[in-house]
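Shown next, in C-alpha cells, is the structure this report addresses.
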Amino acid sequence: MDFPQFLIQLLNSVQYGLLLFMLAAGLTLIFGIMGVVNLAHGSFYMLGAYLAWSLSAAFGSLTLAILVGAVLAVAFGLALEWLLFRHFYKRSHLDQVLLTFGLIYIFEELRSIIWGDDVHGVTIPALLSASIPLTENLSYPVYRLFMSGVCIALAIGLYLLISKTRLGMKIRAGAFNRDMAESLGVNIKLIHATVFALGVGLAAVAGMIAAPIASVYPNMGSQVLIMCFVVVVIGGIGSVRGALIAALLVGLVDTFGKVLLPSMAGMLVYMLMAAVLLWKPEGLFKQ
Amino acid sequence: MSAQQSNLEVLPTSIKLVLGMGLVALLAFPFVGTPFYTEMVTRMMIMAIFAMSLDLLQGVTGLVSLGHAAYFGLAGYALAFLTPQGEAVSLWWTLPVAVLASGLAALIIGFFVVRTHGIYFIMVTMAFAQMVYYVFFDNRALGGSDGLYVNFKPSAAIFGWVPFDLDSKRTLYYFTLGALLLTYLFLRRLLFSPFGRTLSGIRVNEHRMRAMGYGVFGYKLAAFTVAGALAGLAGYLWGTQTGYINPELMGFHMSAHAIMMVILGGMGNFAGAIVGAFAFEYLLHVFKDLPQVGSINLGKHWQLWMGLFIVLLVTFAPRGILGLFEKFMKRKGTDHE
Amino acid sequence: MNEVPRTAGPPQGSNAPVIGVRGSEPPQARAATSVGAALLSAKGLTKRFGGLAAVDNVSVDLYRNHIHAVIGPNGAGKSTLANLLSGDLPPSSGSVALGKTDITGWTPEKISRQGLGRSYQKTNIFLPFSVWDNVHLAAQSRAPKAHKWLTNASDFIATRDRTERAIELSGLQNRVKSVAGTISHGEQRQLEIAMTLATEPQVILLDEPLAGMGALETERMVTLLQAIKQDHAILLVEHDMDAVFALADKLTVMVNGQVIASGTPVEIRADSGVQAAYLGEEH
Amino acid sequence: MSSRRLLLTRSAAVIGSASVGLLLPEIVRAQGAKVRVGFMLPYTGTFAQLGAAIENGFRMAVNEQGGKLGGREIEYFKVDDESDPPKGIENANKLVLRDKVDVLVGTVHSGVQMGIQKVARDTGVLSLIPNAGVHAATRSLCAPNVFRASFANSQPTRALGKVMVDRGHKKAVWITWKYAAGDEAFEGFKEGYTAAGGTIVKELGLPFPQVEFQALLTEIAALRPDAVACMFAGGGAAKFIRDYAAAGLKGRIPLYGSGFLTEGVLDAAGPAADGIITTLHYSDSLDTPRNKKFRLEYAKAFRSQPDVYAVQGYDTGLLLVQGANAVKGDLSNKAALYKSMRGAVIDSPRGKWTMSASHNPIQDIYVRQVENKENKVIGVAAKALADSGAGCKMT
C-alpha cells in the first residue's frame, strides 16, 4: 500500500484502538481494584447501546440520551454491586466467573423481553454527521473522530482521577492493601461501589457512543467481551495505561492484519497476546 | 476462597451409596428409557467425562480454565479427519490418536498459560481457545463454520472379528458408560497418588509447595495436559455419537458450561463433576420444556431461568450439590446425637 | 519504621561495621563453632526496593550444630534476609553458597531440593489438610514419585518414615489426624517446623518461630529447637530475646538493613552500640 | 448405510415405544389421528425474529387449509435451536425421537441445518428447510426426504453478476464475512459475474461476526473498482451500510449485494441504504396481486408486516400442504408424498416456483433498489434460476 494509504490505515487502527480502550478501561478497573472477573461486561456495553437507542428515540436527542443513559447505567451498576457483586469480592475467581456468566443469560433474555430481537440504528447528531474528505473517493466520518476524541478525553480523565484526586488515591490504596487503606479511614465498601459503578458506566457509555455507527442488535456484547479480555491481558490487569497501549496495539494488529494477512485475520490478535505473554506473563504493565 | 473449602476428596458413605445407586440406574436405563432418552443420557455421560477432565484442573489443581472446550473439540475434529468419506475407520487406533492430539495441543498451549495465575489464567485459556476456534472457523479446508460430518461411527472390528457395533444406540451407551467408569476410577487413583497430592497441595498453597522443593510448573503443565487428553476422549465420543463436528464445540459457551457442571456438582472429587454434568444437562432440558402459562411461554425464556438458577446456586451453594447433600447428612447426623 | 536513634546507627554512608569484621569470624566465635566449613555462606547480600536497601551488604555463615540468630528492630531487614537466602527474593547483589554450590538467584524449589528448608513468619501451611497430610506432603518432596499416578501416595515407606520422624521430633504425635486449620497457633508453629524438618534439610531458616506464642508453648518450642540443632545449621530470626540468648551460638544485629554488630551472645550483651541501638529498648 | 441406520432406529423406536421413560419429563402423547409437525427454529438470540416470522408464515399457509393437512388435524411441537450447531443433533432428535414428529420444519442457521440434515438422513424423517441456504443440504448431502423452500446460498448472488455488468460495472470488489454462507454466496457471484464478462478485482473478507469494516473500506477506496458487491446480514449489514456511506464511498462506488443485505435492517441503516441494488427471490414491494393479498392477510393475522422469511415459512407450508393433500394426509406413504412434492408448483407471494431435482427451488430472482426504507423491485435479474445441485445423488 502507498504512503497515504498507510497513514489512513494507521488512523483507522488508532481509532479502533481507542474504542477498544473505552470498553476495556472499565473492565481493567474492576479487575485491578476489586479483583473481580466480570464476564458480563459485554452486557453492559449492549445495555448502553440499547439505552442510547430507546432514549434517543424518546428524547429526540442523542446527547440527552447519553447523559440520562450514563446516569441510569451508573445507578444500575450501584444496584448490581449492592445486590450481588459486593458479596463476591472475597470469593474465588471461579465463583465470580460463574456469577457473571449467569448474568449474561439473564441480561440477554431481559433485553429480548424489554427491547425485542430487532436490529436498530441510532441516527448520528446532525452536527457530527459530516465527513472529511481524505482522498478523492474516501472521506472520514466526523463522528468517528468525535468518538476518538471522547475516548482520549476519557483516558486523560481516568488518568487524572486515579493519579491526582483524593478518590484516586483512596482507590489505589484500596487496590494496594485494603486493610491498610481501611486503617487510614478509607471506606473500602464505598470505594468498591464507586469503582464498580464507574466500570459499568464506562462500558455503557462506550455502548452509547458506539451505537450510532455500530447499530444495535442482540448479543452485540459477547463479541466485544473477548476483545476486551485480550486487551486487558496484554495491558496488564488493573493498569489503565496498559489498557490504552494494548488497545492501540490490538487496533494496529487487527487493522493491518485484515489488509495484509486476511487469511488469518481472526487469529492474529490472539497470536499477539500469546507473544506478549511469552515475553511478560503478567502483561505489559503489571500493577 | 473455594480453595480453602474441603473438597470432600474422601467421599462420605452416604454419598458413595447414592453414587452406587446411580450406577445401577445407569446400567439399567437403556432397558426402560426410550431411544431419545438413551441418547440423551449417553450425551450426559460424555459431558460428565468432559466435566471430570476439567475438574482435575479446576477442583484439584485450582486452575480455572475458560478454554477447556478447545481440547474437547480438537479430538472430535481428529475423528472427523481420520474417518474417510466412504467407510468406517477402526476405533482402536483413532481413539488413542485423537486423545493424544488433544493432549499434545494442551501441552503446547499449557506451556504458555500455566505460567500465568488467577485472572490471567482464566482469560488466557479463554483467548487461546478462541484462537483454536478461529483456526477451524476461518478455514474451509478444516470444515469452516459449517463443520464436518463423521459419516460412519468408528468400527470396533479386530481382524474381521467384531466385538461390538457402535451403530447401535445401546452399545454406544454402554461403551460410553465404560469410558465414564474408567475415567472416574483413573482420576480417583490419580487424586490420591503422589502426583494428585502434589496437585491439591498446589491448589491450597502454591508458595509453600515451592518452598518445599516442588517444581510447580511441571506439575501444572502435566495436569493441564492430562485434562486436555481426557477432554479429548469426551470429544471423540461426542463425534462418534452425533457424527457432526462444528467449531462452536470449542466455543466460549461450551467451556463455561463445563465449569458450571463442575461447580454445580461440587469440585475436586470427580463424583461431583459427574453429578453436575447430569444435573446441568437435565436442568437445561427441563427449563426449555417449561409449559405455556397463560399468555407467557415459560419455556421460551429458559435463558432467564438458567441464569437465575446459576446466580442463586453460586450465591448460596458454592460447594454444589454434593456439598449441600453432605451438609444435610451432617446435620441429620448431629440431630441424632 | 525506624525507631533507632540516628546517633546510634552506623556512620552515614559507610557500611563499616561497629563491631566484628563482617565476613570473617571473630576469634572467640570461631572457637565456639569449630565444626568445619560453613554449610551456608552468604557474601555481601544486598536487596534494594526502589531507592532504599532493605538488606545492605550483609554476610553470614551457618555451621552445622550451630544456631545463628539474627535480631533487630522491626523493618531491620531480617525477614528480607531470610527471603534472600531461601530464594523467595532474588538479591540485587551479593552471593549465596550452599555447601560448595553457588545458589545465588536460584528458585526456591531448587534451593529447597539443594538442602535448605525454612519456616515462615506468617504461618504458611495447608489449612484444609490434616497435620499428617501437611507433613507427608513436605516429606514427599524429597521423593516426589511424580510418575506414579496409580499408586496411593501413602504407600511409600521412605516418605511415611520421614513424615513420622518429623511429627515425632516436633511433638505433634497426638494431632496427626486433626485438620491444620483447627489446631492451636502454637501447634501450627510446630507444624511449620515439622514440615521444614520433613524436607530433611541441612540448613534451616526459622523466621520468628516463637511469634505470638504463650510462655508454655515457647518453652516447648525452645526445647524443640535445641533438639533439632544437633545435625542442622540454623538461622534463627527472632524477637524473643530470652529465647535468642538461650539458643544462639552467634548473633547478628541488624538495623536499617545493615549489620551493626555480630558476635557471641556475650559480646553482643557487652556491646554498647547494640545496647543503645536496640537491646536498650527491650529491657 | 443410512438405510441400515434407518432400520436400526426403527427397531429401537419399537423397543422405545413399548416402554416409557417415566423417570423423565416426557409427556406421552397419543399416536395416530393428528399430523405431528415440529418447528426447530431460533426463538432466542440474534435470529429470534426470523424464527417467529417463519413459524407465522407456515401456520398461515396451513390455516388457509382450515388448519388441516390432507384432512388431518395438526399438532405442533417447538424446539428453540438457539442457532447453536453443537445442539443441532440433540434438538432435532428431540422432535424426531421424542415427539415422533412426521415433519421437521427448520431452520435458519446453516450450521444447525447441517445437524438437522444428519438426523434427517439417518432417520428418514421428512425435513423442510424454510431458510438456511447451506449448499450441502441440496447438493452433496441431498436426500429424498429433504426439501428446501427458500434458496441456496449462491442463488441470489449468482443473478447479481449480470445485473452489475449490464449497468456497466465491469470491475468489482467482493466483500463478506469469512464463513460458509459468505464463501457460498461468493461462489455464485464469481460464476455469474465472470460469465457476464466482469472481473473481480479483489476478494475481501473479515472474521465473522466482526463489524470493524473501516480497514477494508479504506482498501476499497484505494482499489477504485467500478462497484462493490457484498454479502452481509442482520446487525452487521446495517453497520456495513452505514460505514460504507460514512466513508464517502456511497455515490462514488455503487454498492450491490445479496438481497439479505437490505432485509430487516433498512430502519437501522436509514438513508445510508438508499440506492443500494440487491438481488433476491422476493421483495416486500413486489407488485403482484398474489403478494398484495398475502401481505394483507398476514398483517391481519399477526399484526406485523411479513418479510422474506415469513414468505419462506409460508411457502414451506404450501409445499407440505400440496404433498399432504396428494396422499390424503397419509404422510407414511412416503413415495407418493415425495413424488408430489418434487413435482410441486408453488404459487408463492414471490411468484410461482418449482422444485429442482435436488429439492431446491427453481425461482425468479428480482433486482431491488432501496428507496426510502423499501426494496423497490426494478426488474428481474434471472428467470427460473436453479441451483446446480452438484454432487447430489438421491438414494
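Structural remarks
- Mean-position separation - Cα centroids, the range A:1-41 and the range A:122-183, in angstrom: 11 Å
- Among complete DSSP H helices in chain B, those whose alpha-carbon atoms stretch at least 24 Å along the helix's long axis and whose mean Kyte-Doolittle hydropathy reaches 1.0 are B:13-32, B:91-113, B:118-137, B:271-288.
- Sparsely packed loop sites in the range A:90-145 (the GluC sites (Glu not before Pro) outside DSSP H, G, I, E and B with at most 10 other Cβ atoms within 10 Å) comprise A:136.
- Per-residue shielding of C:136-144, expressed as the average number of other chain Cβ atoms within 10 Å of the residue Cβ, stands at 6.
- Over 18 Å [Cα-Cα, the range C:125-200], rounded percent: 32 percent
- Less than 5 angstrom separates the built amide H of residue B:66 from those of B:125, B:126, all sequence-distant by 5 or more or on a different chain.
- Modelled label reach - residue B:141, point 7 Å along Cα→Cβ, the range B:91-113 residues with backbone N closer than 12 Å: none
- Long-range amide H partners of residue C:40 with built H, under 5 Å: C:62, C:99
- Computed with the Debye formula from one identical point scatterer per Cα of the range A:18-143, without solvent, the log10 of I(q)/I(0) at q = 0.11, 0.17 Å⁻¹ comes to -0.50, -1.00.
- Relative contact order (percent, whole number), the range D:198-347, Cα cutoff 8 Å, 6+ residue spacing: 15 percent
- Tilt relative to chain C, helix C:185-198 - C-alpha long axis, 0 to 90 degrees, to 10: 80 degrees
- Normalised Debye scattering of chain D at q = 0.07, 0.09, 0.13 Å⁻¹ gives log10 I(q)/I(0) of -0.32, -0.52, -1.04, counting only Cα atoms as equal scatterers and leaving out solvent.
- Rounded, prolate or oblate (a/c below 1.5 giving rounded, otherwise prolate when a/b exceeds b/c) for chain B by Cα gyration tensor: rounded
- Per-pair calculated FRET efficiency, R0 = 45 Å: residue D:296 and residue D:34 via Cβ, rounded to 0.05: 0.90
- GNM result for chain B, Cα springs below 10 Å: residue of B:224, B:72, B:309 fluctuating most strongly: B:309
- If the chain linking residue B:316 and residue B:167 were pulled fully straight, counting 0.36 nm for each residue of separation and taking away their Cα-Cα distance, it would gain 49.3 nm.
- The ratio of the alpha-carbon radius of gyration of the range D:186-303 to the globular-protein estimate 2.2 N^0.38 Å is 1.20.
- Using a cutoff of 8 angstrom between alpha carbon atoms and counting only pairs six or more residues apart, the relative contact order for the range A:1-82 works out to 15 percent.
- Note on residue C:52 and residue B:17: the model spin-label points, each 7 Å out from Cα along the C-beta direction, lie 6.2 nm apart.
- GNM top mover of D:295, D:98, D:167 - chain D, alpha-carbon springs below 10 Å: D:167
- By the rule of a C-alpha distance below 12 Å, with chain neighbours fewer than 8 residues away ignored, the aspartates and glutamates paired with residue D:94 are B:39, B:289, D:26, D:80, D:81.
- Amide H to amide H distances under 5 Å link residue D:367 with D:378, D:379, D:380, D:381, where only residues 5 or more positions off or on other chains count and H is placed in the peptide plane.
- Per residue of C:54-67, other chain Cβ atoms within 10 Å of the residue Cβ number 0 on average.
- Dipole in debye (nearest 20) - chain B, about Cα centre, beta carbon charges: Lys, Arg +1; Asp, Glu -1: 820 debye
- Phi angles across the range D:294-307 convert, under the Karplus curve 6.51 cos²θ - 1.76 cosθ + 1.60 with θ = phi - 60°, into 3J(HN,Hα) values of 4, 4, 4, 5, 4, 4, 4, 5, 10, 6, 7, 7, x, 10 Hz, Gly and Pro given as x.
- Model label sites at residue C:176 and residue D:372, defined 7 Å from Cα along the beta-carbon direction, differ in position by 9.2 nm.
- The range C:212-270 shape via C-alpha gyration tensor axes, a/c threshold 1.5: prolate
- Tail beyond 31 Å, pair distance distribution of chain A (Cα, percent): 28 percent
- On Cα atoms only, tilt of D:154-166 relative to the major axis of chain D in degrees: 20 degrees
- The tail of the calculated P(r) for the protein assembly as shown, taken as Cα-Cα distances beyond 54 Å, holds 31 percent of the pairs.
- The angle between the Cα long axis of helix A:188-214 and the longest principal axis of the Cα atoms of chain A comes to about 10 degrees, rounded to the nearest 10.
- Applying 1/(1 + (r/R0)^6) with R0 = 51 Å to the Cβ-Cβ distance of residue D:140 and residue A:114 gives a FRET efficiency near 0.75.
- Each peptide in C:160-173, B:54-67 was scored by the mean count of other Cβ atoms within 10 Å over its residues; highest first, the order is B:54-67, C:160-173.
- Relative counts (whole %) of C-alpha pair distances in the range B:233-337, using bins that are 5 Å wide: 2, 11, 15, 19, 17, 15, 11, 6, 3, 1, 1, 0
- In this label model, residue D:342 and residue C:143 are separated by 7.7 nm, measuring between points 7 Å along each Cα→Cβ vector.
- ³J(HN,Hα) computed for each position of the range D:126-139 - Karplus, 6.51 cos²θ - 1.76 cosθ + 1.60, integer Hz, glycine/proline x: 5, 10, 10, 9, x, 8, 2, x, 3, 4, 3, 4, 10, 10
- Descending semi-axes in whole angstrom, ellipsoid equivalent of the range C:139-275, from the Cα gyration tensor: 34, 17, 12
- Residue A:152/residue C:123 FRET efficiency (R0 56 Å; Cβ-Cβ; nearest 0.05): 0.70
- Volume per residue of the C-alpha convex hull in chain C, rounded to whole Å³: 135 Å³
- Selected from A:23, A:202, A:128 as most flexible by GNM, with chain A as the system and alpha-carbon contacts under 10 Å: A:128
- Percent RCO, i.e. relative contact order, over the range D:87-198, from Cα pairs under 8 Å lying at least 6 residues apart: 22 percent
Taken together, the values in this text are just the output of simple stated rules run on the coordinates, not laboratory data. Just so you know, these numbers come straight off a predicted model, no measurement behind them. Positions of Cβ are backbone-derived with ideal geometry, glycine not excepted, and every protein chain shown enters the neighbour counts.
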